[in-house]
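A.B. asks: This is the structure I have questions about; it appears just below.
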Amino acid sequence: MADPDILVVGAGAAGLAAARAIRAAGRGVRVLEARHRPGGRAWTDSTTLAAPFDLGATWLHQALDNPLAPLAAGAAPFDHDAVRRHLCLIDGRPAAEAEMADYDATYAAFHARLRAALPEAPPGASAADFAPRGGPWDAMVAHWEGPVICAAPLAEMDLRDFLDTQLDAPNWLLPQGIGNFLSGLAAGLPIAYGAAVERLEWGRAGGVVAEGAFGRVSARAAIVTLPTALLAAGALRFDPPLPAETEQAAHDLPLGLLNKIGLRAAGEDRLGLAPFTGLERRVEREDEAAMTFIAWPFGQDHLMGFLGGPAAWEASREGPAALEELARAELRAAFGPRADAALLGAAALASDWGNDPYARGAYSHARPGRAAARRILGTPLAGGRLCFAGEACHPRLAATVGGAWESGEWAAHAALAALAGVPPEPVR
Ligand SMILES: Cc1cc2nc3c(=O)[nH]c(=O)nc-3n(C[C@H](O)[C@H](O)[C@H](O)COP(=O)(O)OP(=O)(O)OC[C@H]3O[C@@H](n4cnc5c(N)ncnc54)[C@H](O)[C@@H]3O)c2cc1C
């Protein structure tokens, strides 16, 4: 492999953005990617369900200021919020209009209460500390805000980070899939696949050296985009070891787990659900193993199911069949034997991010008291010759492809500045 100016470890959203920015600046770049495909935690399977199905990232959140939105303009982005409808079941029956209004009000009250608490909250406060409890919808709101959206329980998340990383509408779906979209953005980049970096030497005055089964690649600077679970587990050995503060930051930003399943219809029955109907059931506990579904997106013939938080980790430990069994049981509870008739025997496709050796989870949250970790991890080392990027480094759009993308651009600018002998800009 020819030695580049800057090497990028990982070809997920952050690595691709970094590589494109370096190339646009006229510098040589090489991306070393452990998998045999780009996109990392954004991955579309287009064959199993005979339609594009994103096993990882699904939406471009906060699309009006998502850094990927301008690039997605040609990908027919679709505003999911414009067609959302909800079917929430309470003990098997649809929630009444007044109950749904109560649900909405509980949601608004949850956010208002957490925001009001923030100025006086102790530094180690979690998102659970101020969450309302005891009302008919409080557990449901906590379930959504914790395990479903953030992939972790509220008690494990720092209050400030939780509020700082809230995402707004519009939420765009890309009909071809976000994984396919990112693969398109990888086209033409010098990416070496199957190139897992095992050791990174970064203390030398002349630059950095990456080593793995692929051999050795030297460069003047490196951008590392590994998921924090891998950094914390020591999957990449740094020589010299990382500063204690940087290493601690990776531990302070663990990955929660969210898994997805696609279940294809066996025949014509669509269970009486219109396309894009969101199906959920009211839970009594935040950590209940309850799944949520989106029915027949774009009129396609599959349901998209989600399971997050501790229940997702438990299913992931039980093995590959557990998520599918849970999904089918959930649908049976909602629709009776009709669910099996509608879905059994047809293809299913599930993600397994917890057991994925190059992810080890879905996306990051900050532990209580550790909201500063995102900025610490994103602070360039060695004057910009070693930079970290990835969703976990973005203090505002963490846990998203847009955040990963922008953090990759920031890291590229820091590394380019280092090459030009300019000190890196302060972290945003
Ligand atoms: C189920 C699920 C649903 C999600 N939903 C959404 C959503 O709707 N919207 C949204 O915006 N985001 C969503 N996300 C989060 C989003 O996918 C991530 O935030 C984003 O893709 C992370 O990009 P990244 O570049 O930081 O990391 P990654 O995509 O993980 O990229 C890191 C890359 O490094 C590679 N790598 C690992 N180890 C090595 C090594 N030793 N050497 C070389 N390469 C290595 C990996 O293979 C990977 O390709 C979801 C994620 C999951 C799992």
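A.B. asks: Taking 25 °C and 0.890 mPa s as the conditions, I'd like the Stokes-Einstein D for the chain in µm²/s, using the Kirkwood hydrodynamic radius from alpha carbon pairs.
C.D. replies: 110
A.B. asks: Within region 135-150, what residues put their amide N at less than 16 Å from the label point 7 Å along the Cα-to-Cβ vector of residue 116?
C.D. replies: 135, by backbone N distance to the label point.
A.B. asks: Note the full-extension length gain between residue 346 and residue 166 as 0.36 nm times their separation in residues minus their Cα-Cα distance, in nm to one decimal. All intermediate terms of the calculation are to be shown ahead of the outcome.
C.D. replies: Working: separation 180, 0.36 × 180 = 64.80 nm, distance 3.67 nm.
Net length gain for the segment: 61.1 nm.
A.B. asks: So, with +1 on the Cβ of K and R and -1 on the Cβ of D and E, and no other charges, what is the size of the charge dipole of region 105-172 about its Cα centre, to the nearest 20 debye?
C.D. replies: 180
A.B. asks: When the Cα centres of region 372-428 and region 213-227 are compared, how far apart do they sit, in Å?
C.D. replies: Each part's Cα centre sits 16 Å from the other's.
A.B. asks: Can you tell which of 117, 243, 371 lies farthest toward the positive end of the dipole of the chain, using +1 and -1 charges on the Cβ of basic and acidic side chains (Lys, Arg; Asp, Glu)?
C.D. replies: Farthest towards the positive end: 243.
A.B. asks: While we're here: Full-extension gain between residue 239 and residue 3, please, as 0.36 nm times their residue separation minus the C-alpha to C-alpha distance.
C.D. replies: 83.0 nm
A.B. asks: Within region 50-64, whose backbone N sits under 20 Å from a point 7 Å along Cα→Cβ of residue 79?
C.D. replies: Once the point is set 7 Å along Cα→Cβ of residue 79, 58-64 turn out to lie under 20 Å by backbone N, inside region 50-64.
A.B. asks: Before rounding to the nearest 500, sum -39500 (n - 2.57) across all DSSP H runs of length at least 4 in the chain and divide by the residue total; then give [θ] at 222 nm in deg cm²/dmol. If you can, show how the numbers build up before the last one.
C.D. replies: Details: 13 runs with 128 residues, N = 428.
-8500 deg cm²/dmol, from helical runs alone.
A.B. asks: Now for a separate question. Whenever you get a sec, compute what percent of the accessible area on region 325-428 sits on carbon and sulfur atoms (1.4 Å probe).
C.D. replies: Looking at region 325-428 in its full context, I get 56 percent from C and S.
A.B. asks: What is region 59-139's relative contact order, in percent, from Cα pairs under 8 angstrom and six or more apart in sequence?
C.D. replies: 19
A.B. asks: Express the accessible area of region 200-264 per residue in Å², computed with a 1.4 Å probe while the remaining protein chains stay in the model.
C.D. replies: On the way: 2340 Å² over 65 residues.
Heavy-atom SASA per residue in region 200-264 reads 36 Å².
A.B. asks: Starting with the highest mean, order 58-66, 39-47, 398-406 by the number of other Cβ atoms within 10 Å, averaged over the residues of each peptide.
C.D. replies: With the highest mean Cβ count within 10 Å placed first, the list reads 398-406, 39-47, 58-66.
A.B. asks: To continue, here is another question. I'd like the distance between the alpha-carbon centres of region 133-160 and region 298-353, rounded to an integer number of Å.
C.D. replies: Measuring centre to centre over Cα atoms gives 22 Å.
A.B. asks: Leaving out ligands, DNA and RNA, what percent of the accessible area of region 96-176 is carbon and sulfur, probe 1.4 Å?
C.D. replies: 57
A.B. asks: Relative to the present Cα-Cα distance, how much length would full extension add between residue 99 and residue 193 at 0.36 nm per residue of separation?
C.D. replies: In short, 28.7 nm is gained.
A.B. asks: Given contacts defined as C-alpha pairs under 8 Å and at least six residues apart, what's the relative contact order of the chain, whole-number percent?
C.D. replies: Over the chain, the number comes to 25 percent.
A.B. asks: About the Cα centre of the chain, how large is the charge dipole given +1 on each Lys and Arg Cβ and -1 on each Asp and Glu Cβ? Please answer in debye to the nearest 20.
C.D. replies: So the dipole magnitude of the chain works out to roughly 1160 debye.
A.B. asks: Here's another thing I want to ask about it. Evaluate E = 1/(1 + (r/R0)^6) for residue 268 and residue 204, where r is the Cβ-Cβ distance and R0 equals 60 Å; express this FRET efficiency to the nearest 0.05.
C.D. replies: The formula returns an efficiency of 0.40 here.
A.B. asks: Still on this structure, I have one more. If packing is taken as the average number of other Cβ atoms within 10 Å across a peptide's residues, how do 201-210, 387-396, 174-183 rank, most packed first?
C.D. replies: Averaged packing, sorted descending, gives the order 387-396, 174-183, 201-210.
A.B. asks: Report the FRET efficiency, 1/(1 + (r/R0)^6), for residue 211 and residue 332, where r is their Cβ-Cβ distance and R0 is 51 Å, rounded to 0.05.
C.D. replies: 0.50
A.B. asks: FRET efficiency for residue 91 and residue 317, Cβ-Cβ distance as r, R0 = 41 Å, nearest 0.05?
C.D. replies: It comes out at approximately 0.90.
A.B. asks: Post the alpha-carbon centroid distance, region 165-179 to region 73-94, in whole angstrom.
C.D. replies: If we compute the Cα centre of each part, the gap is 12 Å.
The values are calculated or read from the model by the stated rules, or taken from the named source; none is laboratory data. It should be emphasised that the depicted structure is a prediction, and the values quoted were computed from it without experimental measurement. Virtual Cβ from ideal backbone geometry, glycine too; neighbours counted across all protein chains shown. Accessible surface areas use protein heavy atoms only, side chains included; no ligands, DNA or RNA. Shrake-Rupley method; radii C 1.70, N 1.55, O 1.52, S 1.80 Å.
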